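I have placed the structure first, in the form of structure tokens, so that the comments after it can refer back to it.
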Amino acid sequence: MTEPLISALGIDQSFPVGAGFLGGPRRRLHALRGVDVTVAPGETLGLVGESGCGKSTLARVLLGLEPPTAGSVIFDGTDLARLPAVSLRRLRRRFQVVFQDPAASLNPRMTAAECIAEPLINLTDLSTAEIDARVLALAASVGLGSHLLDRFPHELSGGQCQRVGLARAIAPEPDLIVADEPVSALDVSIQAQILNLMLEIKARMGLAMVFISHDLSVVAHVADRVAVMYLGRIVESGPAEEVFARPRHPYTRMLIGSVPHPRPPPEGGRPLPKGELPSPLNPPPGCAFHSRCPLADNRCLREVPQLLPEVARHRTACHRVAEDATEGA
Amino acid sequence: MTNDSDPILDVAGLSVRFGARTERVQALDDVDIQVRRGEILALVGESGCGKSVTAMAILGLLPKRTARIDARRITLGGTDLHGASDRSLRRIRGNRIGMIFQDPMTSLNPVHTVGGQIAEIVRQHRGVDRRTARSRALEMLDLVRIPDARGRRDAYPHELSGGMRQRVMIAMALACDPDLLIADEPTTALDVTVQAQIMALIADLRRDLGMSVLLITHDLGVVAETADRLSVMYAGRIVEEGTVGTVFSRPSHGYTAGLLGSLPAEGKRRQSRLAEIPGAVPRLSDPAPACAFADRCAYVTADCRAGVPPVVHPGPGHRCRCIRPDAVYADLSQSDIVRAWQ
């Protein structure tokens, strides 16, 4: 196995909430609990789960944007939490981010060219002339016509803004891109353009990627490996092909079963997902999924299941699946 | 479910233009839409294609000062909506037409309980007393399967989850037994699991109440699972329409084909290149007298720019504005999605 490019080990992240202006008890929201993820160089890890499951918090922790309450993030051998701010800034050249809403994440007072040049000015030692040349080359590589470079974000379409966002992210030639819902705000026809572009850039630059999306068909298409999150924990992880073809955790099955397909619906319809995501402020004890799980038994109400390796890097945190596997053996 | 009886909603030749002398935008151009009784018609297209403007025009909600609406006919169960006064439109909205929108939080009043908001609608339109309205609210919350409806009746919107709020919106929309429900992207802001629950609820209510639904969506998966018929809209025009089975098994417009091709669905090799629709949606300020999709179409010929394509019928009940429907279909006939429908 190759050394991971980035690994997050035992990540806990919690935030104080409550005690608003009406008072009330102060509580802690546990956004992440004991999360381990690794990404190998050149690999795409897909993160899926319902809103509020901790996907974006994990992204921010991986990027060193917020230090975790517990655990460590190691990027290419360096522990981000122990790094002084100056060195973190220097290291940041190597991991970049692409956001969901391209129009909101670009500075409205900068032209497309200035947006793309900004990371080059801040993170590299290139001369002005070199930067201008790089901006042109970057724009070309993301399919952004040079006539658009003098425009401001509000004069660009959503797809064009996301191309600027991508050009900005790849400008300092990073090793890792964290993309948080990069195509969710785009129309279907534009979504395909941006996904193709991301796959092409990834292949050309040998980038590793963390690809966060609530759209399972998009993740199934781009990811090499996938991690499914539920209320701050990873409940299943493994090779994307394997997880989508043979999901093991009941939650993964429920998620995959909820995606509407442009195909004739099965006779009698599909089984409906049960319930809604419980409040992360007050997650159910034991396996947090037990309140919606068709397989839950007494043990699930008491014990938190561990993420256990089964077949070939495919791991599942479920008592019932683990029992089945033992019986089957 | 569908029949050829009089449509409950009949829109013919609807055109909407915005703006004054300087810059005109032709948002809709000669749109025909019929929703039959008991049917779910999906209006499909990308942002800015005119789906929501269509709904607003039907409801008489477009600003009179800037929007110019022309139509041969907009009728709801025989009642003329196009020439109706503001006063009678106000009586129709919320009473004979129920509406739900994408984001339930912005459509609900944050300082009133959800039960109170449902009751108010009933009181406004039906003139019943408080007690009757309040029990109607409870009945509606039960109908949309809100667990512990009695307890939730006095909850404020912020105390409910996104899915529950959308259920409340549906309860409000149906409180006066409308003839038609207009649902504008009702699940776009929700998680897939909740989306599946809400769409199943809408389908069940249609079955149990014989409700007619105009479902505005961009998601072809949702269309395939819920709708009976669909109308595909592009740049303010309906480009293809028919039953879900006919359109998916015989896509005949380049745009429909492009939408189907660009989906990262199962059956496509992982990380393979998705078929993309090049370019972007055209500006509607100067519509050319041509097929609006010509610049992005994989099947374009010189004739496509010679005029607005006439309506052709690739099959019974299947209408399409394309001069090369056979070429489009020939190209797609072997695709996974199309074959699944044959």
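Restricting the search to the range B:189-244, which residues are touching a residue at least 40 places away in the same chain (Cβ under 8 Å), charged (D, E, K, R) and more than 14 Å from chain A (Cβ to nearest Cβ)?
Once the filter is applied, which keeps residues that are touching a residue at least 40 places away in the same chain (Cβ under 8 Å), charged (D, E, K, R) and more than 14 Å from chain A (Cβ to nearest Cβ), the range B:189-244 yields B:Arg229, B:Arg237, B:Glu240, B:Glu241.
Please work out which one of (1) open to solvent by 50 Å² or more (accessible area, probe 1.4 Å); (2) in contact with an Asp or Glu (Cβ under 6 Å, 6 or more places away or on another chain); (3) small (Gly, Ala, Ser) is the condition B:Ser285 fails and give its number.
B:Ser285 satisfies every listed condition except (1).
List the strands (runs of 3 or more DSSP E) that sit entirely inside the range A:18-126 and contain at least 3 residues that are farther than 30 Å from A:Pro247 by Cα.
Once the strands (runs of 3 or more DSSP E) in the range A:18-126 are filtered for at least 3 residues that are farther than 30 Å from A:Pro247 by Cα, what remains is A:23-39.
How many residues does the range A:258-282 hold that are more than 7 Å from chain B (Cβ to nearest Cβ), in contact (Cβ under 8 Å) with a residue 12 or more places away in the chain and farther than 22 Å from B:Val338 by Cβ?
Result for the range A:258-282: 7.
Of everything in the range B:165-189, what is surrounded by 22 or more Cβ atoms within 10 Å (Cβ to Cβ), assigned to a helix (DSSP H, G or I) and among the hydrophobic types (A, V, I, L, M, F, W, C)? Give them in sequence order.
B:Val168, B:Met169, B:Ile170, B:Ala171, B:Met172, B:Ala173
Return the residues of the range A:206-222 that are at positive phi and open to solvent by less than 10 Å² (accessible area, probe 1.4 Å); say none if nothing qualifies.
Listed by number, the list is empty, since nothing qualifies.
Taking only the range A:196-211 into account, find how many residues are within 11 Å of chain B (Cβ to nearest Cβ) and touching a Leu at 6+ places or on another chain (Cβ under 6 Å).
Count: 1.
Being surrounded by 17 or more Cβ atoms within 10 Å (Cβ to Cβ), under 15 Å from A:Asp101 (Cα atoms) and either polar (S, T, N, Q) or more than 14 Å from chain B (Cβ to nearest Cβ) (or both) is the filter here; which residues of the range A:140-163 pass it?
Once the filter is applied, which keeps residues that are surrounded by 17 or more Cβ atoms within 10 Å (Cβ to Cβ), under 15 Å from A:Asp101 (Cα atoms) and either polar (S, T, N, Q) or more than 14 Å from chain B (Cβ to nearest Cβ) (or both), the range A:140-163 yields A:Pro153, A:Ser157, A:Gln160, A:Gln162.
Exactly one condition in (1) surrounded by fewer than 23 Cβ atoms within 10 Å (Cβ to Cβ); (2) under 26 Å from A:Leu255 (Cβ atoms); (3) hydroxyl-bearing (Ser, Thr, Tyr) is not met by B:Tyr156; state its number.
Among (1) surrounded by fewer than 23 Cβ atoms within 10 Å (Cβ to Cβ); (2) under 26 Å from A:Leu255 (Cβ atoms); (3) hydroxyl-bearing (Ser, Thr, Tyr), B:Tyr156 violates only (2).
Determine the pairs where a residue that is surrounded by fewer than 23 Cβ atoms within 10 Å (Cβ to Cβ), located within the range B:44-72, has a partner that is of a type in the set (D, E, K, R) with Cβ atoms under 7 Å apart, the partner being 6 or more residues away or on another chain.
Close Cβ pairs (under 7 Å, with a partner that is of a type in the set (D, E, K, R)) amount to B:Glu46/A:Asp187; B:Ser47/A:Asp187; B:Ser52/B:Asp184; B:Ala55/B:Asp184; B:Leu59/B:Arg93; B:Arg68/B:Arg17.
Of the residues that make up the range A:283-291, is at least one at the interface with another protein chain (Cβ under 10 Å from one of its Cβ atoms) and open to solvent by 30 Å² or more (accessible area, probe 1.4 Å)?
no
Could you tell me which of the residues B:Val114, B:Val192 is within 27 Å of B:Val222 (Cα to Cα) and surrounded by 20 or more Cβ atoms within 10 Å (Cβ to Cβ)?
It is B:Val192.
Do we have any residue at all in the range A:184-197 that's of a type in the set (S, T, N, Q), buried (at least 24 other Cβ atoms within 10 Å of the Cβ), under 19 Å from the mean Cα position of the chain (by Cα) and part of a helix (DSSP H, G or I)?
Yes, the conditions are met somewhere in the range A:184-197.
For the range A:223-246, give me each residue that is within 26 Å of B:Gly261 (Cα to Cα) and either open to solvent by less than 10 Å² (accessible area, probe 1.4 Å) or more than 11 Å from every other protein chain (Cβ to nearest Cβ) (or both).
Within the range A:223-246, A:Ala223, A:Arg225, A:Val226, A:Ala240, A:Glu242, A:Val243, A:Arg246 meet the criteria.
Considering the range B:197-252 alone, what residues qualify as being among the polar types (S, T, N, Q) and either closer than 18 Å to A:Pro271 by Cα or in contact with a Phe, Trp or Tyr (Cβ under 6 Å, 6 or more places away or on another chain) (or both)?
Once the filter is applied, which keeps residues that are among the polar types (S, T, N, Q) and either closer than 18 Å to A:Pro271 by Cα or in contact with a Phe, Trp or Tyr (Cβ under 6 Å, 6 or more places away or on another chain) (or both), the range B:197-252 yields B:Gln197, B:Thr226, B:Ser249, B:Ser252.
Considering the range B:249-258 alone, what residues qualify as being surrounded by fewer than 24 Cβ atoms within 10 Å (Cβ to Cβ) and within 19 Å of A:Pro260 (Cα to Cα)?
B:Ser249
The values are calculated or read from the model by the stated rules, or taken from the named source; none is laboratory data. The structure presented is a predicted model; accordingly, all values stated were derived computationally and were not measured. Reconstructed Cβ throughout: ideal geometry from the backbone, glycine too, with neighbour counts over all protein chains shown. These area figures cover heavy atoms from the full protein model, side chains too; ligands, DNA and RNA do not enter into them. Shrake-Rupley method; radii C 1.70, N 1.55, O 1.52, S 1.80 Å.
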